[in-house]
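Undergrad: The structure follows.
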Amino acid sequence: MLHVWGRRSSFNVQKVMWLIGELELPHRHIPAGGEYGLKDTPAFLAMNPHGRVPVIKDSDETVVWESHSILRYLAARYGQSPFWSDNAAQRSEADRWMDWAQTSLQPTFLTGVFWGFYRTPEAQRDTAAIAQSVNRCAQYFQLLDQVLKEQPFLGGESMTLADITVGTHLYRYFSLDIRRPDIPHVEAWYRRLQRRPAFRQHVMIPFGELFGRLAY
């Protein structure tokens with residue numbers, strides 16, 4: 001049985017749970033982090049010395065941490081096309097978007113907008129920094145809109161790990177009271193993802209508990 005540590009409202013945990021849902025993998029979820037604690041215990045730190053979620057332990061005792069590493073591991077071990085390919089060139093198509101999501105979109109949206117605007121108490125917000133992040137997000141989503149104008153998913157005709165790492169942003173992005181550009185193709189992509197049971201179950205999770213709450 002696959003074991004997964006993390007809290008369901010964690011952005012990075014949601015990526016992992018979404019793929020687990022897509023692959024229909026039997027698993028046990030262990031709440032960790034935030035109000036659940038566990039991350040600073042010796043047992044947890046023995047699995048991940050950084051003390052962060054998500055962490056998985058597979059049935060053969062393989063432990064993996066870092067959300068994108070977990071996604072690649074699960075796809076390689078349990079997935080098949082379109083989530084995994086033995087063709088390095090095909091894999092690189094998803095890898096590029098995964099790396100871009102982690103190094104460009106996620107820091108701008110999750111840190112700059114979601115943390116800066118939503119999770120920071122109003123009196124402590126840096127409005128200039130938030131505006132800059134909102135504008136940069138708009139540019140990123142306009143870029144995605146051009147890509148999705150030509151194809152239904154970031155990986156082409158079928159959903160790949162690229163859609164999971166980028167698409168996990170959509171529920172929060174479209175839920176926040178912020179300025180958004182005209183991005184009809186991204187909105188159509190979002191509607192396609194919402195038709196997937198695993199996306200609805202693991203990503204479309206209310207996050208009101210996080211409002212104005214820097215520590216969790």
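Undergrad: Enumerate the calculated ³J(HN,Hα) couplings along region 185-199 in order (Karplus 6.51 cos²θ - 1.76 cosθ + 1.60, θ = phi - 60°), each rounded to whole Hz, writing x wherever the residue is Gly or Pro.
TA: My calculation for region 185-199 gives 6, 5, 5, 5, 4, 4, 5, 5, 5, 5, 7, 8, x, 5, 5 Hz in order.
Undergrad: Tell me, which longest segment in the chain has none of the trypsin sites (Lys or Arg not before Pro) that fall in DSSP loops with at most 15 further Cβ atoms within 10 Å?
TA: No qualifying site falls inside 9-124, the longest such stretch.
Undergrad: So for the pair Q146, E24, with labels modelled 7 Å out along Cα→Cβ, what separation do we get in nm?
TA: Here the modelled spin labels are 4.0 nm apart.
Undergrad: Once you've got the GNM for the chain with C-alpha springs shorter than 10 Å, pick whichever of S59, S104, S133 has the biggest mean-square fluctuation.
TA: Most flexible of the set in this elastic network: S59.
Undergrad: Please report the antiparallel percentage of the DSSP beta bridges confined to region 1-148, to the nearest 5.
TA: The antiparallel fraction comes to roughly 60 percent.
Undergrad: Here is a further query. Just to be sure I understand, if you calculate log10 I(q)/I(0) by the Debye sum over Cα atoms at q = 0.08, 0.09, 0.12, 0.18 Å⁻¹ for this structure, which of (i) -0.38, -0.48, -0.80, -1.24; (ii) -0.28, -0.36, -0.65, -1.41; (iii) -0.36, -0.45, -0.73, -1.23 do you get?
TA: Calculated log10 I(q)/I(0) by the Debye sum over Cα atoms at q = 0.08, 0.09, 0.12, 0.18 Å⁻¹: the matching label is (ii).
Undergrad: Then there is this: Using a/c under 1.5 as the rounded threshold, could you call region 20-121 rounded, prolate or oblate? The axes a ≥ b ≥ c are square roots of the C-alpha gyration tensor eigenvalues, and prolate needs a/b larger than b/c, oblate otherwise.
TA: Oblate shape, in that a/c is at least 1.5 and b/c is the bigger or equal ratio.
Undergrad: Right, next: By its C-alpha gyration tensor, with a ≥ b ≥ c as the square roots of the eigenvalues, how is region 2-78 shaped: rounded for a/c under 1.5, else prolate for a/b larger than b/c, else oblate?
TA: Judged from the Cα gyration tensor, region 2-78 comes out prolate (a/c at least 1.5, a/b above b/c).
Undergrad: Once phi is turned into ³J(HN,Hα) by the Karplus curve 6.51 cos²θ - 1.76 cosθ + 1.60 with θ = phi - 60°, what whole-Hz value does each residue of region 14-22 show in order, with x for glycine and proline?
TA: Along region 14-22, the couplings run 4, 4, 5, 5, 4, 5, 4, x, 4 Hz.
Undergrad: Which of rounded, prolate, oblate describes region 120-216, given a ≥ b ≥ c as roots of the alpha-carbon gyration tensor eigenvalues and a/c under 1.5 marking rounded, otherwise prolate only if a/b is larger than b/c?
TA: oblate
Undergrad: Okay, moving on. Taking a virtual spin label 7 Å from the Cα of A188 along the C-beta vector, which residues in region 136-172 bring their backbone nitrogen under 12 Å of it?
TA: Hits in region 136-172 for A188 at 12 Å: 145-153.
Undergrad: Quickly estimate the mean residue ellipticity at 222 nm for the chain, helices only: each DSSP H run with n ≥ 4 gives -39500 (n - 2.57), and the total goes over all residues, rounded to 500.
TA: Helix-only estimate at 222 nm: -13500 deg cm²/dmol.
Undergrad: On full extension of the chain, what length is gained from H50 through S9, given 0.36 nm per residue of separation minus the C-alpha to C-alpha distance?
TA: My answer for the length gained is 12.8 nm.
Undergrad: Additional query: Pull out the extension gain between N135 and Q90, defined as 0.36 nm times the separation in residues minus the alpha carbon to alpha carbon distance; nm, one decimal.
TA: Answer, rounded to one decimal: 13.0 nm.
Undergrad: Shifting gears a bit: If I model a spin label at T103 and F207 as a point 7 Å from the Cα along the Cα→Cβ vector, what separation in nanometres do I get?
TA: It works out to 2.3 nm between the two label points.
Undergrad: A further question on this structure: Between S81 and F174, what is the label-to-label distance in nm when each label sits 7 Å out along the Cα-to-Cβ direction?
TA: Label at S81, label at F174, 2.9 nm between them.
Undergrad: Taking Cα pairs under 8 Å and at least six residues apart, what relative contact order does region 2-78 come out at, in percent?
TA: 36 percent
Undergrad: Hey, what did region 127-216 get for relative contact order, percent, Cα under 8 Å, at least 6 apart?
TA: 30 percent
Undergrad: Counting pairs of alpha carbon atoms under 8 Å apart in space and at least six apart in sequence, what relative contact order in percent does the chain give?
TA: Rounded, it is 24 percent for the chain.
Values in this text are rule-based calculations from the coordinates and carry no lab data. Bear in mind that the values here come from a model prediction, so they are computed numbers and not experimental data. Note that each Cβ is placed from the backbone with ideal geometry, even for glycine, and that neighbours are counted across all protein chains shown.
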